[in-house]
1. Evaluate the following for residue 393: is it within 30 Å of residue 317 (Cβ to Cβ) and at pLDDT below 95?
2. Could you list, in sequence order, the residues of region 388-402 that are out of contact with any helix residue (DSSP H, G or I) (no Cβ under 7 Å at 6 or more places or on another chain) and more than 19 Å from residue 463 (Cβ to Cβ)?
3. Give me the pairs, please: first residue somewhere in region 265-286 and within 18 Å of residue 319 (Cβ to Cβ), second residue anywhere and not in a helix (DSSP H, G or I), beta-carbon distance under 7 Å, and either six or more positions apart or on two chains.
4. So residue 256 passes all but one of these: (1) in contact (Cβ under 8 Å) with a residue 60 or more places away in the chain; (2) out of contact with any strand residue (DSSP E or B) (no Cβ under 9 Å at 6 or more places or on another chain); (3) assigned to a helix (DSSP H, G or I); (4) crowded, with 24+ Cβ neighbours inside 10 Å. Which condition number does it fail?
5. When you go through (1) modelled with pLDDT of 90 or more; (2) over 13 Å from the mean Cα position of the chain (by Cα); (3) part of a helix (DSSP H, G or I); (4) over 30 Å from residue 390 (Cα atoms) one by one for residue 213, which number turns out not to apply?
6. Test of understanding: among 148, 208, 162, 192, which residue is touching a residue at least 40 places away in the same chain (Cβ under 8 Å) and on the phi > 0 side of the Ramachandran plot?
7. Determine, yes or no, whether residue 49 is touching a helix residue (DSSP H, G or I) at 6+ places or on another chain (Cβ under 7 Å) and within 26 Å of residue 572 (Cβ to Cβ).
8. Taking helices (runs of 4 or more DSSP H) that do not extend beyond region 621-676, which have at least 3 residues that are surrounded by 14 or more Cβ atoms within 10 Å (Cβ to Cβ)?
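The values are calculated or read from the model by the stated rules, or taken from the named source; none is laboratory data. These figures come from a predicted structure and were not determined experimentally. Don't worry about glycine lacking a Cβ; one is built from the backbone with ideal geometry, like all the others, and counts go over all protein chains shown.
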């Protein structure tokens, strides 16, 4: 039984997905169906978390090399083939090692808390069962991505999370903007997936297998490790790919896939628009699932990347540029969720920056802490939006600390953690990346460290700005006059089902019902009778607040995994290649670790203080300058227009694509292809019109033609015979 227990980590959410999908057939009562789904959906994910924790401690921790390969389907052998064609064999198995189990715990743990939060957040939505169907499937696909034994299973999960993101971002599809955002995420990710697919093909052509590891030590990472340790064939002797060494070409192709999934320049523009989904979707995508997939894939393939210095340099600079651009855009956003979205883009850049200097462990450490404080921030923002009846614009907030002290407290912890405030989780993980940058093996450590430190300062500033505009400046709203903003696939706001309000594509919440008490119910009744009446601010229910409290604790203490003997590094060591095993060597320290901690602390506190000072002096408006001044400021316009990326992509790919498509249609399709076909048809038709005159239908005419043919044939033969006689 214990041998098959790990497969339940995936099978439980999968069974939840199937149950939720068919719950309408099993349970006819709509209210009962939604209540049962709200228990099953988070229940299967949290139970999977418990099993994952047990498997890590009792099985993976006790295994040789901390690695197990187990069947995906209980009852099958671990090496049961999934696809077997000639010499191509792919097994249907799971790889259990520290990396896969770490991600399984994050996906099921943080994902489970987000599921619990969503039971309150989505309770009033008429399509709640469909939401949780997609939500459970999202968990299944992410688990398959991180636990699959080979590249092909990883690719199935990779495509699966892309599909689920499309379904969830455009959950309220009757709003055209939501549908467009879902399409954008799906299409942009397909571009990156082409690179990932080509990389997988290249891996097969080089190694003859797609398994990461296997019992015979002939998996891709086994062979790559053997080369690093001086055993096996040197990878440098392989034929080049696209003018690069084979291993560099493979790594670049794999990274292109990571660019799309983890929103790196130039394939990053889909992630901010993913805010069209409900807030729990944003939290799940940004914290526990999809966007971390690229970092996980690079870490899984660290034995390859550590042998491709050119690829690492490329990854590092892309990550640094993404981190900088994401942070600068976040400084001018007014939508509370978009600030956090661009923050995610920036933090993902940090993670790839760590990978680019060969410190994959630091990248995964930041993935772990980021999962806690980013989920906390998104869910906290959702609580604010819920309380404001769907309002997301921080310019219409302010003064909420008085009304939402618990939400303010947990979000303050999240903001401080992501800013790198001393001794919180983000402080340790971000400093680990900065320290790795400073010791870059490529001689650019001082530059990477300096820019990375400046990005940390910007992060602290825009998070301080978010907290001040939302909670601490003067209220720019009037209690009792809030305007509920309703967005769903139904045109009416109140469905009559007991629970919290229905939510919009941006995390908006409808009017509260009896779950918030009789006053909320009275407010619904009153507003239904008087559509023009305003709403009062409301508090979030326990189902939304309890996950926030748990995440706040994790955001405070999870960073201590890296200290006291570098427990996190030791934990991941069986799964991750380090610079020490390759030909790359870390540079000497620019300064001591203690000095680095002091510098990081000063930068974080300075950024937070700057935001406080600037906005505390403008408490009434919550703005640093007027709209007219902003319009005249070229820097603000550039940042507000997202550095022109969307404009450029629209010009080149949408408008340019439309022009090219029109040209191909009119000139190539109609003018050339149709022209050739129509001309050929015309010639055949003209020739046929002549020949058909011969077809009279009279036997005597046909006999005459046959006679003429015989005469012509005989004349030809006689002529030919005469020529032969003359010789």
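1. Details: within 30 Å of residue 317 (Cβ to Cβ): no; at pLDDT below 95: yes.
The answer is no for residue 393.
2. Within region 388-402, the subset out of contact with any helix residue (DSSP H, G or I) (no Cβ under 7 Å at 6 or more places or on another chain) is 388-390, 393, 395-396, 399, 402.
Hits for region 388-402 are 388, 389, 390, 396, 402.
3. 270/263; 271/263
4. (4)
5. (3)
6. On the way: 148 fails: on the phi > 0 side of the Ramachandran plot; 162 fails: on the phi > 0 side of the Ramachandran plot; 192 fails: on the phi > 0 side of the Ramachandran plot.
Just a single option satisfies the conditions, and that option is 208.
7. It is true that residue 49 is touching a helix residue (DSSP H, G or I) at 6+ places or on another chain (Cβ under 7 Å) and within 26 Å of residue 572 (Cβ to Cβ).
8. 634-640, 645-649
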